[in-house]
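The structure appears below as structure tokens.
Please treat every number below as a calculation from the coordinates, not as lab data. Note that this is a predicted model, so its numbers are computed, not measured. FYI the Cβ positions are ideal-geometry reconstructions off the backbone, even for glycines, and counts take in every protein chain you see.
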Ligand SMILES: [Zn+2]
């Protein structure tokens with residue numbers, strides 16, 4: 001859907017969701033919020049993260065609407081004990097970006113807001129095939145980009161065409177994650193180093209060790225290589241989970257009990273493997289809120305924050321309600 005039209009739909013839905021009788025009908029008890037990067041300059045990063053103003057807006061909105069920000073453990077405990085006295089929001093950040101510490105942490109400290117950071121082993125060890133960072137750098141730094149594997153040549157001299165081209169190639173990778181490996185020659189030709197981008201954008205081992213000791217922080221798993229688990233055979237998928245948990249526990253010397261599926265991609269097999277690997281919960285990128293204690297702990301939905309109106313519409317439950325009616 002066109003970006004403008006989508007925002008109009010979200011705006012309409014968010015206003016309907018504010019009506020008292022709609023709010024009462026669609027009330028939820030808990031929600032897990034999904035963030036990646038919290039960027040000081042979204043434009044220079046081709047609008048791929050959450051701006052500080054949108055981050056602040058979402059936190060102010062939660063506070064104003066009576067959502068207490070709690071850790072994932074506390075949220076699940078309260079759901080299990082059927083505590084209906086408050087509504088709970090859990091803040092989660094995927095991948096372990098540096099700006100989670102340099103930008104988000106001071107804001108969260110001022111609010112005494114606990115949060116979870118899901119870390120793939122390949123980020124701090126700099127071995128991750130972070131193709132999305134490579135593509136962003138490619139389109140930021142070049143006005144003409146040829147992606148041979150896709151059979152496309154992009155002329156992208158201005159901000160809007162760069163953004164659209166980046167979105168198109170990202171969509172192509174999401175269609176089939178084997179496409180990611182086909183980008184390697186393009187990165188090589190354009191002198192783009194994924195280990196260098198990992199170094200630039202992701203927290204290192206020392207920084208993660210310090211972050212894990214922060215009283216507001218929990219560290220969760222996100223697999224070893226950030227592979228889409230359903231694309232792997234059972235043994236590789238299991239190793240991605242077990243090895244990542246072992247690596248993180250050894251690094252931070254604390255138990256790691258929670259997981260985020262890379263790309264939010266999972267099925268029943270992944271739920272069982274995650275359980276067997278010793279994790280107690282797993283979050284997806286399926287949009288939704290938690291309504292009662294009968295949640296599937298290995299397929300917890302989250303709400304992503306991409307725009308003010310989209311966030312409010314999703315938080316109101318109106319988008320979920322419409323999807324259920326379909
Ligand atoms: Zn991720």
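Which of 270, 77, 65 moves the most in a Gaussian network model of the chain with Cα springs under 10 Å?
65
Between the stretch 180-202 and the stretch 247-322, what's the alpha-carbon centroid distance in Å?
Using only Cα atoms, the two centres lie 28 Å from each other.
Taking the Cβ of each residue in 297, 152 as the centre, tally the other Cβ atoms inside 10 Å and list the residues starting with the fewest. If you can, show how the numbers build up before the last one.
Numbers: 297 17, 152 13.
Lowest to highest Cβ neighbour count: 152, 297.
If we restrict to alpha carbons, what Rg and Dmax does the stretch 201-326 come to, in Å?
16.1, 49
Which of 110, 86, 213 moves the most in a Gaussian network model of the chain with Cα springs under 10 Å?
Per the Cα network of the chain with a 10 Å cutoff, 110 tops the list.
Send over the Kirkwood Rh of the stretch 131-196, from the inverse of the averaged 1/r over different Cα pairs, rounded to one decimal Å.
11.7
Test of understanding: in a Gaussian network model of the chain with alpha carbons linked when under 10 Å, which of 262, 301, 195 would top the mean-square fluctuation ranking?
Looking only at 262, 301, 195, the biggest GNM fluctuation is shown by 195.
Any idea what the alpha-carbon Rg over 2.2 N^0.38 Å comes to for the chain?
On the way: Rg = 19.7 Å, N = 326, 2.2 N^0.38 = 19.8 Å.
Against the empirical 2.2 N^0.38 Å value, I get 0.99 for the chain.
Based solely on its DSSP helices, what 222 nm [θ] is calculated for the chain when runs of n ≥ 4 H residues each add -39,500 (n - 2.57) and the sum is averaged over all residues, nearest 500 deg cm²/dmol? It would help to have the intermediate numbers written out before the result.
On the way: 14 runs with 144 residues, N = 326.
Helix-only estimate at 222 nm: -13000 deg cm²/dmol.
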